[in-house]
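Written out below as structure tokens is the structure these notes cover.
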Amino acid sequence: MKKILSLFVIVLFAFSVSAQPEKQETKSETGTLLVLVRGFKSTEGSLRVALFNKGETFPDSDAYKTSITEISANEELIKFENLPYGDYAVAVIHDINNDAKLDKNILGIPTEGYGFSNNAMGKYGPPTFLQSSFVFAGRDEARVIDLEYGIPGK
């Protein structure tokens, strides 16, 4: 009887240990996002790139990451390294006069180049985060943004 009781305790202990879920170390996966911006009308000024991970602030403020680059050609490649996988949207400005904002004329039409991921355009203003967003889930992923100047498509 003593042997059966001991065996029962051992089996019960073995089941209780194996029944506990394993604690897995969650490792955040990251990669490099490449943003190719093309269609500059000049090499004057700088390229301002803003990467957003929240729709509430897109495209005006509180970017998750930013980059400012001098323009040297008709297209520029920007790298965001060690970027956690997730949903993102990109907004870019060809800041010709380096005043850190998108200049507009009296009618509100941009006088400097601008663009968004997915080459999304809003009807009467910037596109929404949903229109511009994409899922970043690759080690190295590229996005192409074609600049617009003035009214889109004109």
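The values are calculated or read from the model by the stated rules, or taken from the named source; none is laboratory data. It should be emphasised that the depicted structure is a prediction, and the values quoted were computed from it without experimental measurement. Positions of Cβ are generated from backbone atoms using ideal geometry, with glycine treated the same way; all protein chains shown enter the neighbour counts.
Glu81 meets each of the listed conditions (1) surrounded by fewer than 14 Cβ atoms within 10 Å (Cβ to Cβ); (2) not in a strand (DSSP E or B) apart from (2).
Quick check on region 99-107. Is at least one of its residues under 25 Å from Thr30 (Cα atoms) and either at pLDDT 95 or above or acidic (Asp, Glu) (or both)? No: zero hits. Of all residues in region 116-128, none that is among the aromatic types (Phe, Trp, Tyr) has its Cβ atom under 8 Å from the Cβ atom of a residue that is at pLDDT below 95 and exposed (fewer than 15 other Cβ atoms within 10 Å of the Cβ), 6 or more apart or on another chain.
Only residues that are under 14 Å from the mean Cα position of the chain (by Cα) and part of a loop (DSSP other than H, G, I, E, B) were counted in region 34-55, giving 3.
Taking the criterion of being assigned to a strand (DSSP E or B), in contact (Cβ under 8 Å) with a residue 60 or more places away in the chain and surrounded by 13 or more Cβ atoms within 10 Å (Cβ to Cβ), the residues of region 133-145 that qualify are Phe136, Glu141, Arg143, Val144, Ile145. Here Thr66 does not fit the description of being among the β-branched types (Val, Ile, Thr) and in a loop (DSSP other than H, G, I, E, B).
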